[in-house]
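Take a look at the structure below.
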Amino acid sequence: MVDTLVAKTRAWEEEHSMFFAYDGVPLLAMLDEYGVLRQEREDEKQRLREQKKVQEQPPHVEQDTAFSTRPSPARPASAKKPVGARGANNGGANGTTNRRLSLNANQNGSRSVAKE
């Protein structure tokens with residue numbers, strides 16, 4: 001948008017052989033200053049992004065210790081349950097079992113009736 005305005009202003013100035021002024025200041029000078037300020041803002045944003053990226057990186061880990069055995073950060077060591085943590089009766093928190101029971105055809109509600 002700014003580039004289009006600069007091009008149109010230059011064309012107008014060439015056509016009329018005079019400077020296009022806004023509040024007594026040449027518009028091209030204002031647009032140049034605006035471009036410089038915008039570039040400085042973009043540079044500052046980029047510098048802050050890079051600084052934030054560096055701060056968020058974990059500390060450098062040496063190659064030898066990168067694959068060592070240690071607890072996963074995604075799951076704390078306290079979250080691991082010891083074997084047999086469900087209780088002595090192998091039941092859940094409310095005492096129910098988590099096993100499927102096998103039922104024969106007469107007990108499982110089968111509607112097929114054997115003819116004799």
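The values are calculated or read from the model by the stated rules, or taken from the named source; none is laboratory data. Note that this is a predicted model, so its numbers are computed, not measured. Cβ coordinates were reconstructed from backbone atoms using ideal geometry, including for glycine residues, and neighbour counts include every protein chain displayed.
Table: residues versus (1) among the charged types (D, E, K, R); (2) part of a helix (DSSP H, G or I); (3) at pLDDT below 65.
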residue: GLU15; (1), (2), (3): yes, yes, no
residue: LEU28; (1), (2), (3): no, yes, no
residue: TYR34; (1), (2), (3): no, yes, no
residue: ARG47; (1), (2), (3): yes, yes, no
residue: LYS52; (1), (2), (3): yes, yes, no
residue: ASP64; (1), (2), (3): yes, no, yes
residue: GLY84; (1), (2), (3): no, no, yes
residue: ASN89; (1), (2), (3): no, no, yes
Handout entry: Selection from region 1-39 of residues that are in contact (Cβ under 8 Å) with a residue 24 or more places away in the chain and among the aromatic types (Phe, Trp, Tyr)
Key = TYR34
